[in-house]
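Novice: Before I ask anything, here is the structure I am working with.
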Amino acid sequence: MPFSGQTTKFKLIVAYDGTQYQGWQVQKIGTGVQEKLEEALAKLSPGNPRVHSSSRTDTGVHALAMVVHVELPRSHFKMSARKLALALNAWLPEDIRVLSAARAHKDFHARFDATGKQYRYFIWNHPAMNPLLRRTAWHVPRRLDLKALRAAAPFFVGQHDFQAFTSNPGYARKSTIRTLTRCDIKRSGSLLTVIIEGDGFLYKMCRGIVGTLIQAGLGKFPVEEIGRMLEKKDRRLAGMTAPAHGLVLWNVFYDKQVRRRQEETMTAEPTNG
């Protein structure tokens with residue numbers, strides 16, 4: 001049997017506009033997206049269900065594909081996965097939506113099974129800000145050197161100590177070494193998109209990378225200086241931290257074995273109910 005005898009595990013894909021939230025996690029002061037999702041789940045299932053996420057996002061950061069899992073008691077919850085998504089969205093505010101729900105294998109863990117993530121950062125590079133993008137893109141009015149941006153991006157790819165590009169999270173970290181597999185710059189008119197993929201991310205690391213790229217594109221320092229920033233491991237020597245509102249958790253990756261278990265579980269789900 002794919003499930004324990006007492007609970008059924010569900011995998012949810014959650015999207016949200018983070019403008020009004022103090023990040024993903026439940027907060028002592030302010031409201032986190034997790035809190036809103038757990039409140040909605042409590043309307044459908046007893047026992048104050050807790051959700052476990054694949055990632056954490058900071059205040060003002062958005063997500064298109066936050067993966068979470070939750071276990072619900074089988075004795076009281078017999079709703080199908082499709083109806084679960086619909087029911088949750090009926091209780092959630094408009095800036096949070098469950099895009100999909102599926103029954104998950106009993107061993108699935110949204111965070112520990114994740115093998116990588118993709119973030120995207122949006123920049124509007126035009127003298128006048130596009131008002132339709134004011135909540136989801138950083139306005140950089142000065143002209144950017146796209147050639148310099150694209151020359152700077154590859155410095156971040158590979159395994160590095162990203163100490164110079166992360167902020168202090170307020171707790172001790174075992175390591176600041178991470179591996180990036182992608183750092184690309186795409187342009188469509190005035191809209192720039194920085195695509196960053198890796199096996200894990202440090203506190204404000206993506207925003208530190210983007211801020212540094214933009215300053216290189218503005219000619220604040222030569223692109224070769226980024227290599228020295230990585231070597232020095234000093235946050236004071238690297239570029240600025242880009243604003244939160246341009247950043248989106250775009251995708252979370254799982255290896256083939258985890259996806260295969262998930263597909264087998266979905267196949268086993270009954271269609272009634």
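The values are calculated or read from the model by the stated rules, or taken from the named source; none is laboratory data. Being a predicted model, the structure only gives us computed values, none of them experimental. Every residue, glycine among them, receives a Cβ derived from its backbone with ideal geometry; neighbour counts consider all protein chains shown. Protein only, heavy atoms only, side chains kept; ligands, DNA and RNA dropped before computing areas. Shrake-Rupley method; radii C 1.70, N 1.55, O 1.52, S 1.80 Å.
Novice: Where the second residue is among the polar types (S, T, N, Q) and open to solvent by 30 Å² or more (accessible area, probe 1.4 Å) and the first is in contact (Cβ under 8 Å) with a residue 60 or more places away in the chain and at negative phi and lies in segment 132-156, which pairs have Cβ atoms under 7 Å and are six or more apart or on separate chains?
Specialist: Going by the 7 Å Cβ cut-off, the qualifying pairs are R135/T19.
Novice: Confirm whether G60 is touching a helix residue (DSSP H, G or I) at 6+ places or on another chain (Cβ under 8 Å) and touching a residue at least 40 places away in the same chain (Cβ under 8 Å). Break it down into steps so the answer makes sense when it comes.
Specialist: Working: touching a helix residue (DSSP H, G or I) at 6+ places or on another chain (Cβ under 8 Å): yes; touching a residue at least 40 places away in the same chain (Cβ under 8 Å): yes.
Yes.
Novice: Also: Residues A85, A65: which one is within 20 Å of Y254 (Cα to Cα) and of a type in the set (G, A, S)?
Specialist: After ruling out the rest, the residue left standing is A65.
Novice: Kindly provide the set of residues from segment 2-55 that are out of contact with any Ser or Thr (no Cβ under 8 Å at 6 or more places or on another chain) and among the hydroxyl-bearing types (S, T, Y), ordered by number.
Specialist: Matches in segment 2-55: S4, T7, T8, Y16, T19, T31, S45, S53, S54, S55.
Novice: Okay, next question. Could you look through segment 133-145, keep only residues that are farther than 23 Å from G198 by Cα and out of contact with any Leu (no Cβ under 7 Å at 6 or more places or on another chain), and pick out the one that is least open to solvent (accessible area, probe 1.4 Å)? First the steps, then the outcome.
Specialist: Restricting attention to segment 133-145, the residues satisfying the condition of being farther than 23 Å from G198 by Cα are 133-135, 139-145.
Okay, now just the ones that are also out of contact with any Leu (no Cβ under 7 Å at 6 or more places or on another chain), so 133-135, 139-141, 143, 145.
On the way: L133: 41, R134: 151, R135: 110, H139: 57, V140: 8, P141: 70, R143: 213, D145: 76 Å².
For segment 133-145, the residue satisfying everything is V140.
Novice: Of all the residues that make up segment 38-55, how many are within 24 Å of R135 (Cα to Cα) and free of Cβ contacts under 8 Å to residues at least 60 places away in the same chain?
Specialist: First pass over segment 38-55, keeping only residues within 24 Å of R135 (Cα to Cα): 53-55.
Checking the rest, the ones that are also free of Cβ contacts under 8 Å to residues at least 60 places away in the same chain come to 53.
Adding up the residues that qualify gives 1.
Novice: Something else about it: Being modelled with pLDDT under 95, more than 22 Å from C206 (Cα to Cα), crowded, with 19+ Cβ neighbours inside 10 Å and of a type outside the set (D, E), is that true of even one residue in segment 71-78?
Specialist: Scanning segment 71-78 turns up at least one residue that is modelled with pLDDT under 95, more than 22 Å from C206 (Cα to Cα), crowded, with 19+ Cβ neighbours inside 10 Å and of a type outside the set (D, E).
Novice: Return yes when Q6 is in contact (Cβ under 8 Å) with a residue 60 or more places away in the chain, out of contact with any strand residue (DSSP E or B) (no Cβ under 9 Å at 6 or more places or on another chain), farther than 13 Å from H69 by Cβ and open to solvent by 70 Å² or more (accessible area, probe 1.4 Å) and no when it is not.
Specialist: Working: in contact (Cβ under 8 Å) with a residue 60 or more places away in the chain: yes; out of contact with any strand residue (DSSP E or B) (no Cβ under 9 Å at 6 or more places or on another chain): no; farther than 13 Å from H69 by Cβ: yes; open to solvent by 70 Å² or more (accessible area, probe 1.4 Å): yes.
Judged against the criteria, Q6 is not a match.
Novice: Continuing with this model, one more query. Which residues, taken from segment 80-92, are open to solvent by less than 60 Å² (accessible area, probe 1.4 Å) and out of contact with any helix residue (DSSP H, G or I) (no Cβ under 6 Å at 6 or more places or on another chain)?
Specialist: S80, A81, L84, A85, N89 - these are the residues of segment 80-92 that are open to solvent by less than 60 Å² (accessible area, probe 1.4 Å) and out of contact with any helix residue (DSSP H, G or I) (no Cβ under 6 Å at 6 or more places or on another chain).
Novice: Next up: Enumerate the strands (runs of 3 or more DSSP E) found wholly within segment 55-133, keeping only those where 2 or more residues are within 19 Å of A40 (Cα to Cα).
Specialist: Ranges flagged: 62-73, 96-103.
Novice: Is it the case that some residue within segment 29-51 is surrounded by fewer than 18 Cβ atoms within 10 Å (Cβ to Cβ) and part of a strand (DSSP E or B)?
Specialist: The answer is no; no qualifying residue exists.
Novice: Go through segment 103-132 residue by residue and tally those that are buried (at least 16 other Cβ atoms within 10 Å of the Cβ), over 19 Å from the mean Cα position of the chain (by Cα) and modelled with pLDDT of 95 or more.
Specialist: Total satisfying the criteria: 2.
Novice: Quick one: S54 ticks every box in (1) more than 23 Å from F108 (Cα to Cα); (2) of a type in the set (S, T, N, Q); (3) open to solvent by less than 50 Å² (accessible area, probe 1.4 Å) bar one, so which box is it?
Specialist: Answer for S54: the failing condition is (1).
Novice: Starting from segment 175-202, keep only residues that are over 24 Å from Y254 (Cα atoms) and free of Cβ contacts under 8 Å to residues at least 24 places away in the same chain, then list their pairs with residues that are among the polar types (S, T, N, Q) and not in a loop (DSSP other than H, G, I, E, B) whose Cβ atoms are within a distance under 8 Å, requiring at least 6 positions of separation or different chains.
Specialist: The qualifying pairs are K186/T193.
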